[in-house]
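A short worksheet on the structure shown next.
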Amino acid sequence: MARLTVPTVACIIGRGRLGRRGRDRRLRPGADAGERDIYSVITPEGCAAILWRDAGEAKKGRPPRFKPDALHCLELGVIDGIVAEPDGGAQNDHDGGRGTAQAALVESLEELEDTPGEELRRRRRAKFRGMGVFA
């Protein structure tokens with residue numbers, strides 16, 4: 001995906017995976033700034049097994065300890081925007097959820113449409129290389 005010369009946008013739902021990293025824009029649904037949705041590359045049990053060598057310590061690896069909600073992911077630069085969800089969540093209002101996601105996707109693509117392909121590729125590489133760098 002990082003080599004494409006056309007705009008790419010991902011709307012990450014459920015437990016987002018880092019496989020979406022080669023996109024120009026990464027959007028994340030968020031009800032009230034992500035109160036119900038998290039971005040995670042591993043289950044809390046898997047996290048606990050690696051960090052504390054005990055899957056039974058899963059509660060240590062659960063939100064909010066690692067701040068995987070949409071708002072914190074936006075602050076950290078892991079995602080580029082939060083898509084507002086309808087009251088009660090998109091799972092309860094499919095049409096409302098689809099409408100807001102579609103509007104966010106179209107807006108992102110319109111912002112990128114005049115950017116030359118090589119510039120898109122350069123920005124994607126720079127964005128990926130900059131993730132996790134805080135100094």
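Within the range 96-132, track down each residue that is over 17 Å from residue 76 (Cα atoms) and not in a helix (DSSP H, G or I).
Residues satisfying the conditions are 113, 114, 115, 116.
Let me spell it out: the conditions are (1) loosely packed, with under 14 Cβ neighbours inside 10 Å; (2) part of a helix (DSSP H, G or I); (3) among the small types (Gly, Ala, Ser); (4) at pLDDT below 90, and residue 135 meets all of them except one. Which number is the exception?
(2)
Quick one: which of 82, 38 is touching a strand residue (DSSP E or B) at 6+ places or on another chain (Cβ under 6 Å), at negative phi and at pLDDT 80 or above?
82
For the range 73-129, which residues satisfy the criterion of being farther than 21 Å from residue 6 by Cβ, surrounded by 14 or more Cβ atoms within 10 Å (Cβ to Cβ) and either small (Gly, Ala, Ser) or touching a Gly at 6+ places or on another chain (Cβ under 8 Å) (or both)?
If the condition is that a residue be farther than 21 Å from residue 6 by Cβ, surrounded by 14 or more Cβ atoms within 10 Å (Cβ to Cβ) and either small (Gly, Ala, Ser) or touching a Gly at 6+ places or on another chain (Cβ under 8 Å) (or both), then 73, 74, 77, 82, 83, 84, 85, 86, 89, 90, 96, 97 are the ones that fit.
Output the residues belonging to the range 95-111 that are within 13 Å of residue 29 (Cα to Cα) and not hydrophobic (A, V, I, L, M, F, W, C).
96, 97, 98, 99, 100, 102
So that you can scan it fast, the table gives a plain yes or no per residue for (1) at pLDDT below 85; (2) over 16 Å from residue 22 (Cα atoms); (3) of a type in the set (Lys, Arg):
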site: 86; (1), (2), (3): yes, yes, no
site: 102; (1), (2), (3): no, yes, no
site: 111; (1), (2), (3): no, yes, no
site: 126; (1), (2), (3): no, no, no
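The values are calculated or read from the model by the stated rules, or taken from the named source; none is laboratory data. Since we're looking at a predicted model, the values are computed, not measured. Note that each Cβ is placed from the backbone with ideal geometry, even for glycine, and that neighbours are counted across all protein chains shown.
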